Structures are given as C-alpha cells and as structure tokens.
1. What are the residues in the range 35-51 that are of a type in the set (G, A, S) and assigned to a helix (DSSP H, G or I), if any?
2. Do you know which residues across the range 47-73 are under 18 Å from K26 (Cα atoms), surrounded by 14 or more Cβ atoms within 10 Å (Cβ to Cβ) and not aliphatic (A, V, I, L, M)?
3. Where the second residue is exposed (fewer than 11 other Cβ atoms within 10 Å of the Cβ) and modelled with pLDDT of 95 or more and the first is in a helix (DSSP H, G or I) and of a type in the set (D, E, K, R) and lies in the range 52-76, which pairs have Cβ atoms under 6 Å and are six or more apart or on separate chains?
4. Taking the condition of being closer than 16 Å to Q40 by Cβ and assigned to a helix (DSSP H, G or I), how many residues in the range 97-112 meet it?
5. Only one residue in N9, N91 is polar (S, T, N, Q), out of contact with any strand residue (DSSP E or B) (no Cβ under 6 Å at 6 or more places or on another chain) and at pLDDT 90 or above, so which one is that?
6. For residues in the range 77-88 being in contact (Cβ under 8 Å) with a residue 24 or more places away in the chain and part of a helix (DSSP H, G or I), which is farthest from E34 (Cα to Cα)?
7. Is it the case that the range 16-30 has a residue that's of a type in the set (S, T, Y), touching a Leu at 6+ places or on another chain (Cβ under 8 Å) and modelled with pLDDT under 95?
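The values are calculated or read from the model by the stated rules, or taken from the named source; none is laboratory data. Here the structure is a predicted model, which is why all the values come from computation and not from measurement. All Cβ positions, even for glycine, are placed from backbone atoms using ideal geometry, and neighbour counts span all protein chains on display.
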Amino acid sequence: MELVAARQNLRRGSLMATITYVRTIKYVAEILEEDVELLQAIVSNDDNLSYGNIISVHTGDDESVTALTDDGMEELEQMLSHARHSTNEWNDFLDSFVDDKELIARIKAKSLR
C-alpha cells in the first residue's frame, strides 16, 4: 500500500519528511512475526508511538485500516523487544498496553521468544 504525501508547514517555515509508503498493521504483524491483535491493541492508542507513525487509511464510508510508517514499525519492534527482557517486564507491558484480558491471557501463554 502506498501513501504519497508531501507536507510543508508554511507557518513555521519547516519541511516535514515525505512519507512515500506505509505498511498495514496486518503486514507489520507478518513481518515482525507478532500477533496482529496484539499490535492493534498497542497502536489503538496513538500516544503509544511517536506522532505521525500511525496512519489511518480510510477505505470507505465507515471503514479504515491502520498502517505504520517505517519509523513506526521500528519503534514498535524496539518497544516489544525491550518489553521481552524478562517475564515480569513482558507481563507488566501487556497489562499496561492491552485492555483485552482474553488477549493478554493468550499472549502470556506464548513464550517470550
């Protein structure tokens, strides 16, 4: 999926980086070999990643797909890697970032990798 966007902030006189493509959250899950529902839960709060790294792509009247920039995917990958340093850190991470108790239980049942 490609998203072509060049934006210029004329009020501040600065030029933002051009985003030439994004990856859907489903594709990011495949690349990172992560549970797509876990990633969706994490990025459902856009404060969990840096501003601009989570993109909502509207595909119809009331339909949208969540996508990430390269920086967003890298930030998410690092976040997950750091959380997996120990079982306690991983459990704390899941409890802090995921609201769905059934999803947490399913993810906790898997190994840390």
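1. Start the filter on the range 35-51 by keeping residues that are of a type in the set (G, A, S), which leaves 41, 44, 50.
Within the range 35-51, just A41 meets the criteria.
2. Answer for the range 47-73, where residues must be under 18 Å from K26 (Cα atoms), surrounded by 14 or more Cβ atoms within 10 Å (Cβ to Cβ) and not aliphatic (A, V, I, L, M): N48, N53, T66, T69, D71, G72.
3. none
4. So the first thing to find is which residues in the range 97-112 are closer than 16 Å to Q40 by Cβ, and the list is 97-104, 106-107.
Narrowing further to those that are assigned to a helix (DSSP H, G or I): 97, 101-104, 106-107.
Number satisfying all stated conditions: 7.
5. Numbers: N9 fails: at pLDDT 90 or above.
From the options N9, N91, the qualifying one is N91.
6. Across the range 77-88, the extreme among qualifying residues is T87.
7. yes
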